[in-house]
Amino acid sequence: MVQKQQRKRLGDLLVEAQVITEDDLTLALTEQKKTGYRLGDQLSHMNLVSEQRIIEVLEFQLGIPHVNLYKQKIEPNLINAITEDLARRYQVLPMKRDGNRLMVAMADPLDYFALDDLRLSTGFEIQPMIARKAELKLAINRYYGMQKSIDQMMQDVPTDENDEAFIEAQQSDESPVAKMVNQLISQALELGASDIHIDPLEHETLIRFRVDGILRTEKRVPKSMQNILVSRIKIMSKLNIAEKRLPQDGRFKMDIDLRNIDLRVSCLPTIFGEKVVMRLLDTGNVTLGLEQLHFSPRNEQIFRKMIHGAYGIILVTGPTGSGKSTTLYTALNEINTDEVNIITVEDPVEFQLKGINQVQVNTNIGMTFAAGLRSILRQDPDIIMVGEIRDTETAEIALRSALTGHLVLSTLHTNDAVSAISRLIDMGLEPFLVSSALLGVVGQRLVRRVCLSCAKPQQLSKEEEDLFLSRGLNTNMVAKGEGCSSCNSTGYKGRMGLHETVFIDEQMRDMITQKLPSSSYLKYAQEQGFRSMFEDGLLKVSKGETSLEEVYRVTME
């Protein structure tokens, strides 16, 4: 079917489908002679038709399938079917091979010159598939750039760790392995990843990126490259490359595309070799304003009331990776003035804040949270931030510090805000100490935001409408991301917080002193207008900011 209609031109197809007029086409062709753009790009540039509409027309009129490159995985050996030069010249990418047919993703599947050139150079019959231009550009950079580094490493770098050439390759900034690691980091930044995972398997090594909280496999590399990559990252992090039996932690800094990137590195021995996770912190792109936390108006009002308190302890609760540290840093940034002395004790120090004294925990030399906190109290602080309350000793010092006139901020691992009260008592702290010192608790999770570039309204089912009505929200439409090049076809871009806040008033203090169960605190908080994280999520879904699926995913309702 494709072959019979293949010689049709894009302009004629769009006019036939009544997407543009003959006059539009004539105007675009005239402008095209001046700019030299492809016709599709010219029409998009003149806002006469969108790239998505062109894809739909080609798919419907010619039966050319649309391929989503974000979700497709390409076999490493298939990349070599088309040279990098041809791939970049025509913006094409080999996708699948079926006998003598090669399926190729193209930005312009009606570029017959490109199709003929590909057929002659590869020896295959070419079956075009259509892909978004931005997706193709990213994929070509990813597959060809990385493949070149892999091929060069396999050829130039020996796998024997005792070989001088192996050691030299790890230490040289110009070696293929150094270029590949830099490429990995650059690519992760381009995709907005927070972490890079190098996962050793039995017969291969996976490279995975965490984007907006979700892990995805980016590349599979030969098992023989595992030690080379890990050793290079260890050298960059100033870790012991000879030690493979014990976990190690390190960090290093890089400047990539005029951005200052801080990388935290963790190595963990597994049965198939060392697993490495690199956490990326873009220190030049940190905005610490309360509006960035996406509090609902009521929660923001309570949080402001807490952080502007004279003394007491404020706790932020949630699992690992739920944005607790960012919330604490934002609070410190909000209350940081020349009149106050702020000292933090953290493990590790994630962001360096101007005008704040930050202390790094080092358990190897006895510098624990508790030891650091004791020393801080002799430094005449007004505000103290403890990175995490992990044990009873730290908890007790923090609470007693709050009672002696200091404002203390810290984090605790609990599933919700109300549970933090019982957790402190279960850790062995006296109820009167908890009730006297605790100012309030914030519980939080992170959900992915619906992509603004491709968001479309979606009708709710009757059951979903009833769910919103049961929480006092009257809505029948929500937003859903269709997937575009801006969000890598996921429908989501960026993340936002879901929160619940509990302010400890006199009535709550009496209840804590009586050591009542968590259900009693929750019931009282609800009477005062408390909204759970799930309800906060529903509110944000009703505003078109996130999706119901995301809220269910993170709140476990």
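For the reader, a short list of remarks on this structure follows.
- Residues in region 253-273 that are modelled with pLDDT of 90 or more, open to solvent by 10 Å² or more (accessible area, probe 1.4 Å) and under 20 Å from Ser186 (Cβ atoms): Arg264 only.
- When restricted to residues that are within 27 Å of Thr501 (Cα to Cα), in a helix (DSSP H, G or I) and open to solvent by 20 Å² or more (accessible area, probe 1.4 Å), region 444-468 contains 4.
- In summary, Ile241 fulfils each of the numbered conditions (1) among the hydrophobic types (A, V, I, L, M, F, W, C); (2) under 30 Å from Lys179 (Cβ atoms); (3) part of a helix (DSSP H, G or I) with the single exception of condition (3).
Here's the yes/no breakdown for (1) open to solvent by 40 Å² or more (accessible area, probe 1.4 Å); (2) without any contact (Cβ under 8 Å) to a residue 40 or more places away in the chain; (3) not basic (Lys, Arg):
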position	(1), (2), (3)
Lys275	yes, no, no
Leu281	no, no, yes
Leu293	no, no, yes
Gln301	yes, yes, yes
Gly309	no, no, yes
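- Asp505 being out of contact with any Cys (no Cβ under 9 Å at 6 or more places or on another chain), open to solvent by less than 30 Å² (accessible area, probe 1.4 Å) and within 15 Å of Val441 (Cβ to Cβ): no
Conditions tested, residue by residue: (1) under 26 Å from Val265 (Cα atoms); (2) assigned to a helix (DSSP H, G or I); (3) open to solvent by 40 Å² or more (accessible area, probe 1.4 Å).
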{"position": "Pro319", "(1), (2), (3)": "yes, no, yes"}
{"position": "Ser322", "(1), (2), (3)": "yes, no, no"}
{"position": "Leu328", "(1), (2), (3)": "yes, yes, no"}
{"position": "Pro381", "(1), (2), (3)": "no, no, no"}
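- When residues of region 388-412 are limited to those that are touching a strand residue (DSSP E or B) at 6+ places or on another chain (Cβ under 7 Å) and assigned to a loop (DSSP other than H, G, I, E, B), the one least open to solvent (accessible area, probe 1.4 Å): Ile389
- Gly192 being open to solvent by 20 Å² or more (accessible area, probe 1.4 Å), under 30 Å from Ser44 (Cα atoms) and either modelled with pLDDT of 75 or more or β-branched (Val, Ile, Thr) (or both): yes
- Test: residue in region 40-63 that is among the aromatic types (Phe, Trp, Tyr) and closer than 17 Å to Ala107 by Cβ: no
- Residue within region 439-454 that is free of Cβ contacts under 8 Å to residues at least 12 places away in the same chain and not small (Gly, Ala, Ser) present: no
The rows are residues; the columns are (1) open to solvent by 70 Å² or more (accessible area, probe 1.4 Å); (2) within 20 Å of Val418 (Cα to Cα); (3) out of contact with any Phe, Trp or Tyr (no Cβ under 8 Å at 6 or more places or on another chain); (4) at pLDDT below 95.
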{"position": "Ser470", "(1), (2), (3), (4)": "yes, no, yes, yes"}
{"position": "Lys480", "(1), (2), (3), (4)": "yes, no, yes, yes"}
{"position": "Gly494", "(1), (2), (3), (4)": "no, no, yes, yes"}
{"position": "Gly497", "(1), (2), (3), (4)": "no, yes, no, yes"}
{"position": "Lys515", "(1), (2), (3), (4)": "yes, yes, yes, yes"}
{"position": "Ser519", "(1), (2), (3), (4)": "yes, yes, yes, yes"}
{"position": "Leu522", "(1), (2), (3), (4)": "no, yes, no, yes"}
{"position": "Glu527", "(1), (2), (3), (4)": "yes, yes, yes, yes"}
{"position": "Phe530", "(1), (2), (3), (4)": "no, yes, yes, yes"}
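The values are calculated or read from the model by the stated rules, or taken from the named source; none is laboratory data. Please read all numbers here as calculations on a predicted model, not as lab measurements. Every residue, glycine among them, receives a Cβ derived from its backbone with ideal geometry; neighbour counts consider all protein chains shown. The area values use the complete protein model at the heavy-atom level, side chains included, leaving out ligands, DNA and RNA. Shrake-Rupley method; radii C 1.70, N 1.55, O 1.52, S 1.80 Å.
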